[in-house]
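Every read-out reported here was derived from the displayed coordinates using simple, explicitly stated rules and does not represent laboratory data. As the structure is a computational prediction, the values presented were derived from the model and not from experiment. Every residue, glycine as well, gets a Cβ built from its backbone with ideal geometry; the counts of neighbours run over all protein chains shown.
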Amino acid sequence: MHTLRNPQLAAGGHAKMDWVTAHMPVLGQIRTRYQEAKPLAGQRVAISLHLEAKTAVLAEVLHLGGAQVAITSSNPLTAQDDVAAALAERGVEVHAIRGANADEFDQMHHRVLDIEPTLIIDDGGELTERLHGVRADLAKHIVGGAEETTTGVTRLRALASQGHLKYPMILVNDADMKHLFDNRYGTGQSTWDGIMRSTNLVVAGKTAVVAGYGWCGKGVAERARGLGARVIVTEVNPVRANEALMDGHQVMPMDEAARLGDYFVTVTGNYGVIRSEHFDVMKDGAILSNAGHFDVEVDVKALRQTAVRTVPGRTSDVVGYQLSDGRVLWLLAEGRLVNLAAGDGHPAEIMDMTFALQALSLEHLLKSRLAAGVYPVPEDVDHWVAQIRLRALGLAIDQLSEAQRVYMEHS
Ligand code: ADE
């Protein structure tokens, strides 16, 4: 029934799940309601998300809400085998193995789709890709789904604008309570966490080159500065380049930044951002990492082809590529998402908001029965998450008086 590396790892996974559960109060409220009201009774939910502890808690909550749930990991290096084993003991069908090859990764997505889902949660569009291709026959069962990430949203918008999208998808990434926190503070913190725990090197006094100044890039750059780095931002969008400048970062093309960086982090969503011509001029010992969805931002293939040999790093997450002139460039996590492949992803308090939005988006789909297309998270849902989080933190805010409300409406 499950696809796991080792079911006996479950104890470690339960400990991780219990820890994050205690730090996810918004999802906790949803859990309490779901246990009683079972709003997802009769639904079958297929999930492709990075399968670490917070994700497992979301899957568990959906299961407690009455749904049959099957889950796989949206990236072969981000599945945590202990968490997968624990979740399988909590009533969810799990198909996830860390380090799966491309064929196993594909097969595990198929196993999840085999439940003939009525609802889906996607991170980067792996389920949607199959539901519009080899598994298109299953699309007729789908009431709708929710997409987690910027890359998936871009793909969905393209599908929808061509009129090809077969069911409604809610763009969770675009909700304020998602991208303002998850993309910025989540990626900012978890990316440096992944880099620091895999390298065990200092950031202060070094030069960090951040490619891309979207919400994720803003967070990565800001946290680099907080750690004492000099930050260089590279961009293709002139507005964002101006933002980076006024936020106090240096701005220049990658051709120039490549010579200066000690750390490189790509967060553009595009491919081929750091390429051969950049490897040619980088400093000996430069550390290359990616925090974008796909492993195509650093041209890993070109790096492997250029290198005369590989050098083992301190863990399997760190591999050195020695070039013919003797320089070694260190690549983290094979160029995959460094925050999840070499870390545990975003902090629990951040994923609490994101995954509360995911659960509530599924409920919204059931209540509203939308036509095929892309939709925002409803504003009242976004605000509910904001309110509950403040309340959980013991914080109150001001309320508009009736006179102020009227003034705002008529001014
Ligand atoms: N944990 C689970 N999903 C995640 C995501 N998309 N980004 C960071 N951490 C996560």
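Data for the structure
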{"read-out": "Farthest positive-ward along region 5-155 dipole, Cα basis, beta-carbon charges - from Gly66, Ala86, Ala146", "value": "Gly66"}
{"read-out": "Folded to 0 to 90 degrees: helix 348-368 orientation relative to the chain principal axis, Cα", "value": "40 degrees"}
{"read-out": "Beta bridge orientation in the chain: antiparallel %, DSSP, nearest 5", "value": "20 percent"}
{"read-out": "Helix axis angle, 150-161 relative to the chain longest principal axis, alpha carbon, degrees", "value": "60 degrees"}
{"read-out": "Farthest positive-ward along region 281-411 dipole, Cα basis, beta-carbon charges - from Leu288, Val406, Ser324", "value": "Ser324"}
{"read-out": "Residue among Gly373, Leu395, Val308 farthest towards the positive dipole end of region 259-411, charges placed on Cβ", "value": "Val308"}
{"read-out": "J(HN,Hα) series, region 167-183, from Karplus relation 6.51 cos²θ - 1.76 cosθ + 1.60, nearest Hz, glycine and proline x", "value": "7, x, 10, 8, 8, 4, 3, 7, 5, 4, 6, 9, 5, 5, 10, 4, 5"}
{"read-out": "Under 21 Å from Lys166, Cα to Cα: lysines that are on another chain or at least 8 residues apart", "value": "Lys140, Lys367"}
{"read-out": "Stokes-Einstein D for region 314-353, Kirkwood Rh over Cα pairs, 25 °C, 0.890 mPa s (µm²/s)", "value": "207 µm²/s"}
{"read-out": "Diffusion constant of the chain at 10 °C, which comes from Stokes-Einstein with the Kirkwood Cα-pair radius and 1.306 mPa s, µm²/s", "value": "72 µm²/s"}
{"read-out": "In degrees, nearest ten, helix 25-37 long axis to first principal axis of the chain (Cα)", "value": "30 degrees"}
{"read-out": "Table column - 3J(HN,Hα) (Hz), region 126-134, Karplus curve with 6.51, -1.76, 1.60, x for Gly and Pro", "value": "5, 6, 4, 4, 6, 6, 10, x, 5"}
{"read-out": "Kirkwood hydrodynamic radius over Cα pairs of region 121-240, then Stokes diffusion coefficient at 10 °C and 1.306 mPa s, in µm²/s", "value": "98 µm²/s"}
{"read-out": "Length released on extending from Ala41 to Gln250, taking residue separation times 0.36 nm less the Cα-Cα span", "value": "69.9 nm"}
{"read-out": "Whole-Å distance, taken between Cα centres, linking region 37-100 and region 371-401", "value": "25 Å"}
{"read-out": "Amide hydrogen neighbours beyond the local backbone of Leu51, cut-off 5 Å, H modeled", "value": "Ser74, Asn75, Ala79, Gln80"}
{"read-out": "Peptides 181-187, 202-208 ordered by average Cβ neighbours within 10 Å, highest first", "value": "181-187, 202-208"}
{"read-out": "Hits among lysines - C-alpha to C-alpha of Lys206 under 29 Å, sequence gap 8 or more where chains match", "value": "Lys218, Lys283, Lys301"}
